[in-house]
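**Q** Below is a structure I'd like to ask you about.
The values are calculated or read from the model by the stated rules, or taken from the named source; none is laboratory data. Not measured: the values here are computed from a predicted model. Glycine gets a Cβ as well: all are built from the backbone with ideal geometry, and neighbour counts include every protein chain shown. All accessible areas refer to the heavy atoms of the entire protein, side chains included, with ligands and DNA or RNA removed. Shrake-Rupley method; radii C 1.70, N 1.55, O 1.52, S 1.80 Å.
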Amino acid sequence: MQHDPLNDALISIKNAKLSGKMECTVSPASKLTGRVLNVMQKYGYIQEFELVENGRGGEFVVKLNGMLNSCGVVKPRFSVKKDEIEKFERRYLPGKNFGILVISTTKGVISNSEAKDMGIGGKLLAYVY
(Lines give C-alpha, C1' and ligand atoms only; values in the text may rest on other atoms or scores of the structure.)
Protein backbone atom coordinates (compact mmCIF):
# COMPACT_ATOMS: atom_id res chain seq x y z
CA MET A 1 0.00 0.00 0.00
CA GLN A 2 1.43 3.32 -1.05
CA HIS A 3 1.02 6.29 1.21
CA ASP A 4 3.07 8.95 -0.58
CA PRO A 5 3.43 8.58 -4.37
CA LEU A 6 5.95 11.45 -4.60
CA ASN A 7 8.20 9.79 -2.02
CA ASP A 8 7.96 6.46 -3.85
CA ALA A 9 8.85 8.19 -7.14
CA LEU A 10 11.91 9.98 -5.78
CA ILE A 11 13.14 6.87 -3.97
CA SER A 12 12.78 4.86 -7.21
CA ILE A 13 14.85 7.47 -9.06
CA LYS A 14 17.49 7.55 -6.32
CA ASN A 15 17.74 3.74 -6.20
CA ALA A 16 18.09 3.53 -10.00
CA LYS A 17 20.89 6.10 -9.85
CA LEU A 18 22.67 4.24 -7.05
CA SER A 19 22.49 0.94 -8.95
CA GLY A 20 23.92 2.55 -12.10
CA LYS A 21 20.83 2.38 -14.27
CA MET A 22 20.14 5.11 -16.80
CA GLU A 23 16.36 4.61 -16.86
CA CYS A 24 13.67 3.88 -14.31
CA THR A 25 9.90 3.64 -14.16
CA VAL A 26 7.85 5.55 -11.64
CA SER A 27 4.38 4.24 -10.91
CA PRO A 28 1.66 5.45 -10.38
CA ALA A 29 1.84 8.69 -12.30
CA SER A 30 0.33 11.78 -10.72
CA LYS A 31 0.16 15.43 -11.65
CA LEU A 32 2.32 16.42 -8.67
CA THR A 33 5.00 13.86 -9.56
CA GLY A 34 4.98 15.12 -13.15
CA ARG A 35 5.44 18.72 -12.03
CA VAL A 36 8.33 17.81 -9.72
CA LEU A 37 9.96 15.84 -12.56
CA ASN A 38 9.49 18.88 -14.79
CA VAL A 39 11.42 21.06 -12.31
CA MET A 40 14.15 18.41 -12.07
CA GLN A 41 14.42 18.32 -15.86
CA LYS A 42 14.55 22.11 -16.08
CA TYR A 43 17.59 22.20 -13.79
CA GLY A 44 19.33 19.29 -15.54
CA TYR A 45 19.03 16.58 -12.89
CA ILE A 46 17.20 14.20 -15.25
CA GLN A 47 17.33 13.98 -19.02
CA GLU A 48 13.70 13.47 -19.94
CA PHE A 49 10.56 11.69 -18.84
CA GLU A 50 7.42 10.51 -20.55
CA LEU A 51 4.01 9.36 -19.40
CA VAL A 52 3.06 5.83 -20.44
CA GLU A 53 -0.57 4.76 -19.98
CA ASN A 54 -0.85 1.22 -18.66
CA GLY A 55 -4.52 1.18 -17.63
CA ARG A 56 -3.69 1.37 -13.92
CA GLY A 57 -2.93 5.03 -13.34
CA GLY A 58 -0.06 5.30 -15.80
CA GLU A 59 3.66 5.47 -15.15
CA PHE A 60 6.55 7.77 -15.91
CA VAL A 61 9.63 6.47 -17.69
CA VAL A 62 12.51 8.66 -16.47
CA LYS A 63 15.87 8.83 -18.25
CA LEU A 64 18.74 9.72 -15.94
CA ASN A 65 21.84 11.64 -17.01
CA GLY A 66 24.20 11.09 -14.08
CA MET A 67 23.89 14.60 -12.62
CA LEU A 68 21.77 13.51 -9.66
CA ASN A 69 23.51 12.90 -6.32
CA SER A 70 20.49 12.57 -4.05
CA CYS A 71 16.81 13.45 -3.87
CA GLY A 72 13.98 13.00 -1.42
CA VAL A 73 10.80 14.47 -0.06
CA VAL A 74 10.47 16.84 2.86
CA LYS A 75 8.25 15.38 5.57
CA PRO A 76 6.27 16.99 7.05
CA ARG A 77 5.56 19.37 4.21
CA PHE A 78 6.53 22.58 5.93
CA SER A 79 4.88 25.87 5.04
CA VAL A 80 7.65 28.27 4.17
CA LYS A 81 7.49 32.06 3.96
CA LYS A 82 9.53 33.98 1.43
CA ASP A 83 12.08 35.05 4.05
CA GLU A 84 12.40 31.54 5.56
CA ILE A 85 13.55 29.78 2.38
CA GLU A 86 17.26 30.17 3.23
CA LYS A 87 16.76 28.43 6.59
CA PHE A 88 15.43 25.35 4.81
CA GLU A 89 18.19 25.56 2.18
CA ARG A 90 20.74 25.26 4.99
CA ARG A 91 18.82 22.33 6.48
CA TYR A 92 18.25 20.20 3.36
CA LEU A 93 20.97 21.17 0.84
CA PRO A 94 24.67 20.32 1.31
CA GLY A 95 26.08 23.71 0.24
CA LYS A 96 25.21 27.22 -0.83
CA ASN A 97 23.97 27.41 -4.45
CA PHE A 98 24.19 23.61 -4.70
CA GLY A 99 20.92 21.80 -5.40
CA ILE A 100 17.31 22.94 -5.33
CA LEU A 101 14.30 22.79 -3.08
CA VAL A 102 11.01 22.10 -4.84
CA ILE A 103 8.20 24.28 -3.52
CA SER A 104 4.48 24.18 -4.28
CA THR A 105 3.23 27.76 -4.56
CA THR A 106 0.19 29.57 -5.89
CA LYS A 107 2.20 30.07 -9.11
CA GLY A 108 2.75 26.33 -9.51
CA VAL A 109 5.52 23.92 -8.55
CA ILE A 110 8.80 25.83 -8.74
CA SER A 111 12.33 25.82 -7.32
CA ASN A 112 13.56 27.80 -4.34
CA SER A 113 15.47 30.30 -6.50
CA GLU A 114 12.37 31.07 -8.57
CA ALA A 115 10.32 31.48 -5.39
CA LYS A 116 12.87 33.93 -3.97
CA ASP A 117 12.90 35.89 -7.25
CA MET A 118 9.09 36.10 -7.26
CA GLY A 119 8.98 36.87 -3.53
CA ILE A 120 6.50 34.14 -2.65
CA GLY A 121 6.39 31.20 -0.26
CA GLY A 122 4.57 27.89 -0.28
CA LYS A 123 4.87 24.28 0.87
CA LEU A 124 8.17 22.42 0.70
CA LEU A 125 7.86 19.25 -1.35
CA ALA A 126 11.33 17.90 -2.10
CA TYR A 127 15.06 18.51 -2.28
CA VAL A 128 17.34 17.58 -5.17
CA TYR A 129 21.12 17.85 -5.49
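**Q** Considering only residues that are of a type outside the set (Lys, Arg) and in contact with a strand residue (DSSP E or B) (Cβ under 6 Å, 6 or more places away or on another chain), look in region 52-63 and name the one that is surrounded by the fewest Cβ atoms within 10 Å (Cβ to Cβ).
**A** The initial filter retains those residues of region 52-63 that are of a type outside the set (Lys, Arg), namely 52-55, 57-62.
Cutting the leftovers down to in contact with a strand residue (DSSP E or B) (Cβ under 6 Å, 6 or more places away or on another chain) gives us 52, 58-62.
Details: Val52: 12, Gly58: 15, Glu59: 18, Phe60: 21, Val61: 15, Val62: 23.
Restricting to residues being of a type outside the set (Lys, Arg) and in contact with a strand residue (DSSP E or B) (Cβ under 6 Å, 6 or more places away or on another chain), the top hit is Val52.
**Q** Now for a separate question. Can you tell me which residue within region 2-51, out of those that are among the polar types (S, T, N, Q) and assigned to a loop (DSSP other than H, G, I, E, B), is surrounded by the most Cβ atoms within 10 Å (Cβ to Cβ)? If you could, list the steps in order and put the result at the bottom.
**A** So the first thing to find is which residues in region 2-51 are among the polar types (S, T, N, Q), and the list is 2, 7, 12, 15, 19, 25, 27, 30, 33, 38, 41, 47.
Subset that is assigned to a loop (DSSP other than H, G, I, E, B): 2, 19, 27, 30.
Values: Gln2: 8, Ser19: 8, Ser27: 18, Ser30: 15.
Going through the qualifying residues, I end up with Ser27.
**Q** Considering only residues of region 112-129 that are among the aliphatic types (A, V, I, L, M), out of contact with any Phe, Trp or Tyr (no Cβ under 6 Å at 6 or more places or on another chain) and open to solvent by less than 20 Å² (accessible area, probe 1.4 Å), which is farthest from Asn15 (Cα to Cα)? Don't jump to the end; show me each part of the working.
**A** Residues of region 112-129 among the aliphatic types (A, V, I, L, M): 115, 118, 120, 124-126, 128.
This time we only want the ones that are out of contact with any Phe, Trp or Tyr (no Cβ under 6 Å at 6 or more places or on another chain), so: 115, 118, 120, 125-126.
In the following step, the residues that additionally are open to solvent by less than 20 Å² (accessible area, probe 1.4 Å) were identified as 115, 125-126.
Working: Ala115: 29, Leu125: 19, Ala126: 16 Å.
For region 112-129, the residue satisfying everything is Ala115.
**Q** Does Lys75 satisfy being closer than 21 Å to Lys123 by Cβ, part of a loop (DSSP other than H, G, I, E, B) and in contact (Cβ under 8 Å) with a residue 24 or more places away in the chain?
**A** Details: closer than 21 Å to Lys123 by Cβ: yes; part of a loop (DSSP other than H, G, I, E, B): yes; in contact (Cβ under 8 Å) with a residue 24 or more places away in the chain: yes.
Here the answer is yes, as Lys75 does meet what is asked.
**Q** Let me ask you something else. For region 89-111, how many residues are open to solvent by less than 10 Å² (accessible area, probe 1.4 Å) and without any contact (Cβ under 8 Å) to a residue 60 or more places away in the chain?
**A** Looking only at that region, the number is 2.
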